[in-house]
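What follows is a single structure, written as structure tokens, with notes after it.
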Amino acid sequence: MQIHMTIYHPKHAGILSAAVELKAEQVILLHRKEDDISGLKSAIQARGIKCLSEPVTFDTQIIRDQFARIINKNQDNNLIFNASSGYNKLILIAHEQFNTFNLPIFLVDKFTDELYWLKTSMNNKGVEQQAIHMGHHIKLKEYLKSFNTQILNQGQTTPEPESSRHLTNWIISQLGKADKAIASLNYMAMSADANHQFELSKHDLKNHQLQQLLDKFEAAEKLTVRGRKLKFKDKDSRFYSNGGWLENHVFALLYGMRKNRPALADIAKGMTIVRNQGTVKNELDVAMVCHNRLHIIECKTRRFSNTKADKSAANTAIYRLDTIKSISGGHSGRAMLISYQALNKYTLSRAKDLGIFCCSHTQLKQLERHLYQFIDHQIPK
């Protein structure tokens, strides 16, 4: 029986993906008493892999004896240490014990998604075992579950209709030309009443660029304009007009990129999640698992200027992304902010400090290239 012994850490991945990749039959999950392992344990068992758990202490001799006991108990099995997760002291002691007993050890690199053998078994002594590029097995639901995050609403998993896609492409083509008109439409969609209606001002009626934009949206059956009365067709059309078109654009590009990037194993738009059966909900504009890591994207169409209010809004978006990628994706999580409007230097600097990829304004004309850089883990230039 192939058994993986591993140490749980709330911010580390590589346990579930390695067990699936190497076809483990059992995982021995060691953890601190205060750690909640229920999500990861459930995800492992859902894959048909038996999962046993044991609490551990940081007392050197006690943990050394515990590792030795586990090793002795499994002398007739193929016991392997997965060093991808855990706390430094425990990992080092486990490495020491497995090395003493001449048992195999591997590590899944969180940056490359490669599985490296640090030590092979006694039966393969002197044989260099090749690194394994991990398969793309993990889906959003089980990845999030392993970090104690539940999906309340799966969101959209197919791209927008062709008719709507045509309008989205036209909006992107107007980048730098119709920014104010698009911002005005966003405001109208946000400010419309419960019946999805908004009253246009005399200035709005005289604004040629805005009227051209409204004509395009009316031709696409997103809204109607009768005199000064603007009415959005329905809730979805109002959402689209309030910046939802950018989410659609990002999602459609990523959906099409899957044929060139099989590592992009799962993707959804508008997914709602909650942590630890809690009550605080978070909606992810776009979420995906690529290279067995969580990637999330936030899409913004509002203007982020240098005013105090706009800086605060930009900071909120950045910190929200950083928090979600950390608690729901661990140290392996990645995040990206995509903005139709230009981002100020302050926001870009803060995002860089937190490791958040940004693409904004004129860069959207090459958005697909930026998305490839994001999922390929390239550093933006």
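Quick notes
- Average Cα contact separation per residue, the chain, under 8 Å, 6 or more apart, as relative contact order %: 15
- Most positive-pole-ward Cα, 314, 220, 45, against dipole of the chain from beta carbon charges: 220
- Sum of side-chain charges, residue 24 neighbourhood, beta-carbon under 11 Å (Lys, Arg +1; Asp, Glu -1): +1
- Over 20 Å between alpha carbons, listed pairs 11/41; 308/345; 180/216; 177/308; 206/229; 202/222: 177/308; 202/222
- Between residue 349 and residue 53, the FRET efficiency from the beta-carbon distance, with R0 = 41 Å, is close to 0.45.
- Contour excess over end-to-end distance, with Cα ends at residue 229 and residue 201 and 0.36 nm allotted per residue: 9.1 nm
- Taking θ as phi - 60° and the Karplus parameters 6.51, -1.76 and 1.60, the scalar couplings of segment 283-289 work out to 9, 9, 4, 9, 10, 8, 10 Hz in sequence order, x denoting glycine and proline.
- Among 105-118, 183-196, the order from most to least packed when residues are scored by Cβ within 10 Å on average: 105-118, 183-196
- The length gained by stretching the chain between residue 139 and residue 342 to full extension, at 0.36 nm per residue less their Cα-Cα distance, is 69.8 nm.
- Taken as Cα centroids, segment 1-42 and segment 128-190 sit 30 Å apart, rounded to the nearest whole angstrom.
- Additional length obtainable on full extension of the chain from residue 60 to residue 257, 0.36 nm per residue less Cα span: 66.0 nm
- Packing-based ranking, highest mean first, of 139-147, 36-44, 292-300 given that Cβ atoms within 10 Å are counted: 292-300, 139-147, 36-44
- Rounded to whole Å, the principal axis extents of the Cα atoms in segment 2-135 read 40, 33, 28, largest first.
- Highest-first arrangement of 161-170, 346-355, 3-12, where packing means the average Cβ count within 10 Å: 3-12, 346-355, 161-170
- 5 Å binning of all Cα-Cα separations within segment 6-80, expressed as whole percents from 0 upward: 3, 14, 27, 24, 20, 10, 2
Throughout, read-outs are computed from the coordinates displayed, never taken from laboratory work. For clarity, every value in this text was computed on a predicted model and none was experimentally measured. Glycine gets a Cβ as well: all are built from the backbone with ideal geometry, and neighbour counts include every protein chain shown.
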